[in-house]
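Trainee: Sharing a structure below in structure tokens format, with a few things to ask.
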Amino acid sequence: MSFPIAAVTYFEPWWIQIIKALIIFLIIFGVLPMLTVYERKLLGRFQHRYGPNRVGPFGLLQPMAEIVKFALKEPFRPTTSMGFLFRAAPALSILTAVGGLALIPWGPVTNIFGTNVGLYGIDVSVGPLYVFALGGISFYGILLGGWASGSKYSFLGGMRAAAQLISYEVSQGLALVGVLITAQTLSLVGIVNAQRGMWYFIPQVVGFLIFMVASFAETNRAPFDLVEADAELVGGYFTEYGGTGFVAYLFAEYVNMIVVSGIATTIFLGGWLLPFGIHPPTWVDPFVVLAKMMIFMTLFIWIRATLPRLRYDQLMSFGWKILLPLATLNLLVTAIIVVH
Amino acid sequence: MSEVLFFIAAIAAIVGAVGVVAMRNPFYAVLALVCHLVSLAALFLLLRAEFVAAAQVVVYAGAVMVLYVFVVAYVGGAEEIRSGNAMRVLGPLFAVAVAIELCIALLGSALSGINSQGAAYKPGFGEPARIGKLFLTDYLFAFEVASLLLLVAAIGAIVLARRRRGLEDDDGSIARVIGERRPSYTGTMAEGAGTRQVYQEIEAGHGGSFEIGSAEPKERAAAVVASEDGEDGA
């Protein structure tokens, strides 16, 4: 007896989807440690020092040493913490962060060994809403971590995360709507295809800037890293985490950065498209996307090295009084132009 | 595959719903409600209502429940809720009423849907484009009424949360510069690096007639301060 429920699988066979999921995850999992080295090296250069340069050639093996160090640390937790939630919260953070990777399109549907494979995890019809849904849940990873730690610094960090994520998610979403009504589709692959003439970075420059600022706040990166402000809150929501729990949060933060970079690349920088009518073979497309994402990652690091942390009231009034009206105005103007 | 997912989501939804009622700790009750809402979203997804599923998570789990968690974490904490007497009587009454209503609705349909395959899937069903079109054509009135309701709610929230009296007028006390002159030789940078202030004051004739370096710093400072005081008094 079959249930009156529509099939979950779309046009690709299930085994292709599993292979795609594994490949995407493994590539990102391999890129991540390099990213941490890249960030520390760049930060070092920004601050007139070398950064890590002892482990392996040019310090490239530093993350391996770090991972071994973190994995071998004693797992401890405060006596005031809630056991299950304390352990589950970092896992939730990782889950939601990795889920966002599925959405980044690395290339169009391609024929590989006689099978049609879309070079993306999934191409959902709700597009960016999927990311916002995951973002909505990822908040619980941070808040539960802060709450279950049973320490006041963690708690304050978690509460800050709650307020900050809600405030900036609105602007982030509204900034994208301008692109969505221009492209007239929510599918990210469709949005890339709609940018064949011109990348949305140019006509939607206001939306792009709002999106980037809001993304810095959503990923808790400097100058919006009040959630983990080490001068005030020791370490924010992960104050009480050591060893693997800490690595989990670190991992989630970097994956979130990658996802946001991927979404920005897809929506504003034309995804796998190259300018000036250059059409490379399809196998180059994922590398184009990766290169564009690296631009954003560098921007993340650059800003972190350059700007000081905001004050909390500045953060809130900036989000609600400047960013949100600006995003609404951008949406309004875009809608008027599109209708005309 | 879809059957497995259905049962996982359905069981999680029921467990979450029971948890909301059964949990004494309000924080855990809110978390159970989040679990319930996310499971409902999974069920919507199985029905191919992608937009509804995403909206369910974004709006309920991502925004509404965040506020619940926020308030409970700040105010409720680990304290347990004891309901009042009126609630103890009314609660079961309402529960029984809803249960009877559900039974009537279920039995009234004679459960005829169980043996059927359900409506056929049409391409584009559940996508945002289709839903948007329906909102602006067939269901325009309901859509507009709902937007009006949201607008009223938003304005009401602003009115309720506004400052009752507004900010007090600034009488200048906050940003007033405290007009206190610092005596020499009490540790300013200029004194540490050179002796700018003392030299200037000596050159201007305030410092009296002593030679530089002839007196101990404390005595010199005392002399400068004394001369300033005398000048202020004059």
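Trainee: Within the group A:ALA217, A:ALA194, which residue is under 16 Å from the mean Cα position of the chain (by Cα) and either at pLDDT below 85 or crowded, with 23+ Cβ neighbours inside 10 Å (or both)?
Mentor: Going through A:ALA217, A:ALA194 in turn, the sole match is A:ALA217.
Trainee: Out of all the residues in the stretch A:1-58, which are part of a helix (DSSP H, G or I), among the charged types (D, E, K, R) and either modelled with pLDDT of 85 or more or touching a strand residue (DSSP E or B) at 6+ places or on another chain (Cβ under 6 Å) (or both)?
Mentor: Within the stretch A:1-58, A:GLU39, A:ARG40, A:LYS41, A:ARG45 meet the criteria.
Trainee: Just give me the residues in the stretch B:119-159 being aromatic (Phe, Trp, Tyr) and in a loop (DSSP other than H, G, I, E, B), in sequence order.
Mentor: Scanning the stretch B:119-159 gives B:TYR121, B:PHE125, B:TYR139.
Trainee: Oh, and also: Looking at A:GLY136, is it more than 8 Å from every other protein chain (Cβ to nearest Cβ), open to solvent by less than 30 Å² (accessible area, probe 1.4 Å) and in contact with a helix residue (DSSP H, G or I) (Cβ under 6 Å, 6 or more places away or on another chain)?
Mentor: It is false that A:GLY136 is more than 8 Å from every other protein chain (Cβ to nearest Cβ), open to solvent by less than 30 Å² (accessible area, probe 1.4 Å) and in contact with a helix residue (DSSP H, G or I) (Cβ under 6 Å, 6 or more places away or on another chain).
Trainee: Within the stretch B:75-95, can one find any residue that is of a type outside the set (A, V, I, L, M, F, W, C), under 28 Å from A:SER154 (Cβ atoms) and modelled with pLDDT of 85 or more?
Mentor: no
Trainee: Can you report the number of residues in the stretch B:32-47 which are open to solvent by 30 Å² or more (accessible area, probe 1.4 Å) and either within 8 Å of chain A (Cβ to nearest Cβ) or farther than 22 Å from A:ALA89 by Cα (or both)?
Mentor: Looking only at that region, the number is 5.
Trainee: Which residues, taken from the stretch A:187-221, are among the polar types (S, T, N, Q) and in a helix (DSSP H, G or I)?
Mentor: Within the stretch A:187-221, A:ASN193, A:SER215 meet the criteria.
Trainee: Do you know which residues across the stretch B:97-118 are in a loop (DSSP other than H, G, I, E, B) and open to solvent by 100 Å² or more (accessible area, probe 1.4 Å)?
Mentor: Result: B:ILE114, B:ASN115, B:GLN117.
Trainee: Please determine whether any residue of the stretch A:234-247 is part of a helix (DSSP H, G or I) and of a type in the set (D, E, K, R).
Mentor: No, the stretch A:234-247 contains no residue that is part of a helix (DSSP H, G or I) and of a type in the set (D, E, K, R).
Trainee: On to the next question. Give the residue that is farthest from the chain's Cα centre (by Cα), with candidates limited to residues of the stretch B:53-73 that are surrounded by fewer than 20 Cβ atoms within 10 Å (Cβ to Cβ) and within 7 Å of another protein chain (Cβ to nearest Cβ).
Mentor: The residue in question is B:ALA63.
Trainee: Next question. If the Cβ limit is 9 Å and pairs must be 6+ apart or interchain, which residue in the stretch B:111-127 that is more than 9 Å from chain A (Cβ to nearest Cβ) pairs with which residue that is among the basic types (Lys, Arg) and open to solvent by 90 Å² or more (accessible area, probe 1.4 Å)?
Mentor: B:LYS122/B:ARG130
The values are calculated or read from the model by the stated rules, or taken from the named source; none is laboratory data. The model shown is predicted, which means the values in this text are computed figures rather than measured ones. Counting neighbours? That spans all protein chains shown, and the Cβs are built from the backbone with ideal geometry, glycine included. Areas reflect the complete protein model, heavy atoms only, side chains present, ligands, DNA and RNA absent. Shrake-Rupley method; radii C 1.70, N 1.55, O 1.52, S 1.80 Å.
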